[in-house]
Each structure stands twice: as C-alpha cells, then as structure tokens.
1. Taking the criterion of being without any contact (Cβ under 8 Å) to a residue 60 or more places away in the chain and not aromatic (Phe, Trp, Tyr), would at least one residue in segment 395-405 satisfy it?
2. Does Lys410 satisfy being more than 21 Å from the chain's Cα centre (by Cα), surrounded by 19 or more Cβ atoms within 10 Å (Cβ to Cβ), of a type in the set (Lys, Arg) and over 30 Å from Ala210 (Cα atoms)?
3. Taking Ala136 as the residue in question, decide whether it is touching a residue at least 60 places away in the same chain (Cβ under 8 Å) and under 21 Å from the mean Cα position of the chain (by Cα).
4. Somewhere in segment 16-37, is a residue at positive phi, surrounded by 19 or more Cβ atoms within 10 Å (Cβ to Cβ) and either touching a Lys or Arg at 6+ places or on another chain (Cβ under 6 Å) or in a loop (DSSP other than H, G, I, E, B) (or both)?
5. For segment 317-333, which residues satisfy the criterion of being touching a strand residue (DSSP E or B) at 6+ places or on another chain (Cβ under 8 Å), in a loop (DSSP other than H, G, I, E, B) and modelled with pLDDT under 95?
6. Considering only segment 208-267, state which residues are of a type in the set (Ser, Thr, Tyr) and under 24 Å from Asn46 (Cβ atoms).
7. Which members of segment 112-155 meet the condition of being in a strand (DSSP E or B), modelled with pLDDT of 95 or more and aliphatic (A, V, I, L, M)?
8. Between Ala210, Ala216, Ala202, which is touching a Ser or Thr at 6+ places or on another chain (Cβ under 8 Å) and not assigned by TED's automatic domain parsing to the domain that holds Pro354?
Amino acid sequence: MQYLGINYEMKHAPKLDPTFIPFGVWRAAYLKDAKQPIAIAVERDNGQISVHKTFIHGTPDMAEADYRYVERYVKFLLWSIGGFKVYICGCSELAQKLQAAYKIGGEREFDFTFVDQLYEKTLEIIDLPLEECPAANETAVPMGGHMDGCRIGFDAGGSDRKVSAVIDGECVYSEEVIWFPKLNEDPDYHYGHILEAFKTAASKMPRVDAIGVSSAGDYIDNEPRVASLFIKVPRENWDKVKTIYTRAAEAIGDVPLVVANDGDVSALAGAMGLGKGKMMGLAMGTSEAVGYVDKDQNVLGWINELAFAPVDLQEGAMQDEWSTDFGVGCKYFSQDAVIKLAPVAGIEIEESLPLAEKLKVVQALMAEDDPRAIAVFETIGAYLAYTVVLYSQFYDLEYLMLLGRVMSGKGGDTILKVCNDILAEEYPALAAKCTVSLPDEKTRRVGQSVAAATLPEIRK
C-alpha cells in the first residue's frame, strides 16, 4: 500500500473501510527513510514543555508527505498533550505553512479557537532553528486514590449522570439518571441536575467531607473551559458554566472539590481496579473519551482529547461535524462509528431515531449474530488495533481498558477479539507489552463515579 510516496503494510484492512490509512502505521513507514532532524515542542500552562524529536525527508519530491506528517503530528500533540505554543524547530518552510493553517480563516481554525477557549491564550506557531529548541519540562501530578471519609462521586456523561455516596472507600449508594445536557442552552438546567445529584448522595451519608467529579471536557482549576456537555450554551453565558461545579459544591458545604476529565477518571478507575499504572482508559460512547495514568498512577497534565486527534489519513475519511476535520478518533471509536458503518454493511436504520437508539438497532442484530452487524464490529476492531499502534507511539502503554456503551454485549467482545488478533499477528512485541481488555469485575465495582469520589484530599 502506498500514500504520498510512502509504502506501508496493513495485513487486515477494515472489512467495511478497506481504504483506511492508519496514521500510526504510515508514520512508522514514513520515518524509515527520513533523515533530516527536526523537533516539535509544545508548551502548556505552568511552563510545562513537551519535546518530540523526529525527522522529515526534506526533499522537493517529498514535500507533500513532509507537510502531511508534521501537520498531523502537531495536530495529535495539541489534542493529546494540549498547549498554546508550538515550536517548529529546524524547518522554517513547514513552520510557515502551519502558521497559515492555525489561524482564523485557516484550515485548523477550530483547533486555533479551541486553544483560546481552553487556555484563554492565543495559539502561537513559532519558527526556531533546531539548536534553539526549548528544553523539556514535564511534571506528573498525583490523582485520586483517597478513600477516607464520606465522599460524593459524580460522573457527568453526555446521556446519563451517575452519582455515588462513598464512605471509607465503600459505595453505600449509587444511582444513574438520564439527562440531556447537550440539547440544553440554559446552564441552569445543568446546574439543577448536578445539585440534585449532590443532594441525593449527601442524604445517604452522615456528612460530606469531599466531592469528586468526573466530567466530559477540559477543566482548569475545576472550571470547564471547553466541554461538549455545554455545547449548546452560548459563550456569553459561560460565566455560569465556569462556576457550575463550585457553586453546586458550595451548596453542599465548605468541602474540597476536584473536577477532572472523565477519560482520566476512567483510567484511574482501571488502575485502582488492577492496582497497576501505565493505564489508558478508552470509552466508546457518544464520543471517544480517553485518559491516562503513568506507572505511579499519576496524570501527566495532558488534555487527552483524542476524539479530535487524527487516526486515519485517507482522503475520503468521515468528517467530524464539530471540528470539521477528517479522520479523527471520535468517528472511529464511538456510536458514530457504528452508525456510519451500518449502511455500508447493508443495515437500514430509521433516520429519525436518536443516535443512542440507532446504536441499539445494530447491537440487537449483533445479539442475533447477524453477519452484517458482525462486519460492523469487526471493522471497529481493526480500526482499534492499528490505532493502538499509534497511541503506543505517544503513550507508555501496558494496559488499555475499553469502556462505553459501544463495548457492551457481543459487539464489544468482537471488537476486542479482532483487535487482539491483529496485534498478536502483526505486532507481537506490542501485544506482549500492552494488554487490551474489558474491565474485570473488580474494576466494574470501582466504577467511574466511585473513582471520582477519591479525587479530593480531605482537609485535616
């Protein structure tokens, strides 16, 4: 197989998407003959800098491949690590092309705007000589694991919300409630649901010592900066959104509050269940949610928004409606992936059905071993295998735990089997290092909301 003059090998093309070009596989092939050194450094809050040293071909005939490689590389770093300054060190031509892309009116306008919303700083693409590349400055931060006292754990998902009352590490009450945060413009709707959940959990304990929240989106100092939960809320009303969790917590009492990305909390839940680190949690639900904890079960301070990170380079890749980019993770590891593949497999779904119900149609067929549904989940399994190759290039992975409604039932079992079979055959070293699995019973018992409850440290 060839793309932009680079030959790459993929033995198990996804059954329903044979033109899929896995970024991680292509990237490894691209680097085999790349000799010109460059470096990409990404700076985020508190002076933290991640540095990636790599190579390009640097020849006129490979100019298109060079730009594609570096542009996708930068995109992946911005959505995995996060940051508001990107230093391109060693190639002014590529730096200038990226400057043209990352601006209002440019190809990457969404990404440019996102950075401004998240960090409240303008994204800069900075051209530097290779020898002036900034030095790396990385700090891991402890996350959760606090079991003492009476705690509220809240998990805010796109379709349902869960809350748990936890006393000395034991869940004494838990409930799950359907809500529609992505359809509501009024932040008071969200606040009302959050406060109701807090009060319900508080009523099941003698007191409340701390509150932990797992919530989709990106959070700085417990403030939502960018979050799909509040996608319908006009930006002029975001003052209410930024304080939504702190106000709800204050209504319960003067207690410690920690709000964390739901992906990171899912990784924490997995790590707590297994008692091990180097864990990525990947939840396939309304979108793709990812989190990661290192060997010490600490978080890296990365945003891990891999829903918007590239996984597929093919020109006909599905477009994400929100970011407007093509071939990004949310269209491969979510209910959208199932829905986009269903008609390709010959499954007709009533267009008027809600997205979650469309997923259930395919899952019901899968429960009956319908070959069309099997093809859908086998395709996602192939997507996943080749994307594990990509994620392992950026994360030190020993465990990948798969979560979310797409992974339920026979479909999830099929995704897992296909993924592991491909890795074992094509990437045996990676398969031996990284265990891809569904949560075991212990991990399931920990649960997202219970893990969230362990986030704050109680004041002594």
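The values are calculated or read from the model by the stated rules, or taken from the named source; none is laboratory data. Just so we're clear, the structure is a prediction, and the values are computed from it rather than from any experiment. Reconstructed Cβ throughout: ideal geometry from the backbone, glycine too, with neighbour counts over all protein chains shown.
1. no
2. no
3. Judged against the criteria, Ala136 is not a match.
4. Taking every residue of segment 16-37 in turn, none turns out to be at positive phi, surrounded by 19 or more Cβ atoms within 10 Å (Cβ to Cβ) and either touching a Lys or Arg at 6+ places or on another chain (Cβ under 6 Å) or in a loop (DSSP other than H, G, I, E, B) (or both).
5. Scanning segment 317-333 gives Ala317, Met318, Asp320, Asp325.
6. Ser214, Ser215, Tyr219, Thr243, Tyr245, Thr246
7. Across segment 112-155, the qualifying residues are Ile125, Ile126, Leu128, Ile152.
8. On the way: Ala210 fails: touching a Ser or Thr at 6+ places or on another chain (Cβ under 8 Å); Ala202 fails: touching a Ser or Thr at 6+ places or on another chain (Cβ under 8 Å).
Sole residue among the options that is touching a Ser or Thr at 6+ places or on another chain (Cβ under 8 Å) and not assigned by TED's automatic domain parsing to the domain that holds Pro354: Ala216.
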